[in-house]
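Below is one structure; the comments refer to it alone.
The values are calculated or read from the model by the stated rules, or taken from the named source; none is laboratory data. Just so it is clear, the model here is predicted, and its values are computed rather than measured. Because the Cβ atoms are built from the backbone with ideal geometry, glycine has one as well, and the counts that use them run over all protein chains shown. These area figures cover heavy atoms from the full protein model, side chains too; ligands, DNA and RNA do not enter into them. Shrake-Rupley method; radii C 1.70, N 1.55, O 1.52, S 1.80 Å.
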Amino acid sequence: VAIGRRYDSIIGSSIPQKERFDQIRDKMIANYSNEWKLSQLADMSGYSQSYFCSKYKKLYGISPIDELLSFRINQAKNELLRKNCSITEISEKCGFASIQHFSRYFKRLVGMTPSEYANQTPKTVAK
């Protein structure tokens, strides 16, 4: 907490903590395909990484990285249903470093591979 207070006094910020976290969250989600690092997000908040993660999870009920991954996977699900791009293109567009990384997270969060999801009929895609 002392780091955040010191940061506030250095930059003269009067932005309340919740609003600061909301701004960081909005920026992360709006730019979800960027390669976000926890250290970068924490620096934006003016807090240590551990405090930032703890406070973020307390505010939003999810860690910042898990929220980013979840958002990316939801964007990918939408793209897969549109069938306008290949799975590799969707993976890159959604900010994943590799198709393997994308496929692993997709299967973990959705319960099926991206190809299986893309081949589902609209009635079976209720997740």
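Starting from the range 77-104, take each residue that is under 17 Å from Lys37 (Cα atoms) and part of a loop (DSSP other than H, G, I, E, B) and list its partners that are open to solvent by 80 Å² or more (accessible area, probe 1.4 Å) and modelled with pLDDT under 95, counting only C-beta distances under 8 angstrom and pairs at least six apart or across chains.
Final answer for the pair search is Gly95/Glu35; Ala97/Glu35.
Mind listing whichever residues of the range 86-111 are open to solvent by 40 Å² or more (accessible area, probe 1.4 Å) and among the hydrophobic types (A, V, I, L, M, F, W, C)?
The answer is Ile87, Ala97, Ile99, Leu109.
Check whether at least one residue in the range 51-66 is free of Cβ contacts under 8 Å to residues at least 60 places away in the same chain, farther than 20 Å from Asp22 by Cβ and assigned to a helix (DSSP H, G or I), and report yes or no. Walk me through how you get there before you give the answer.
Within the range 51-66, the subset free of Cβ contacts under 8 Å to residues at least 60 places away in the same chain is 51-66.
Still in the running and farther than 20 Å from Asp22 by Cβ: none.
No: the range 51-66 contains no residue that is free of Cβ contacts under 8 Å to residues at least 60 places away in the same chain, farther than 20 Å from Asp22 by Cβ and assigned to a helix (DSSP H, G or I).
Looking at the structure I just gave you, is Ser33 outside any helix (DSSP H, G or I), under 28 Å from Lys18 (Cα atoms) and open to solvent by 30 Å² or more (accessible area, probe 1.4 Å)? Before you say what the answer is, go through the steps one by one.
Numbers: outside any helix (DSSP H, G or I): yes; under 28 Å from Lys18 (Cα atoms): yes; open to solvent by 30 Å² or more (accessible area, probe 1.4 Å): yes.
Here the answer is yes, as Ser33 does meet what is asked.
It is to be established whether one or more residues within the range 36-48 are closer than 23 Å to Ser103 by Cβ, open to solvent by 50 Å² or more (accessible area, probe 1.4 Å), in a loop (DSSP other than H, G, I, E, B) and touching a residue at least 24 places away in the same chain (Cβ under 8 Å).
no
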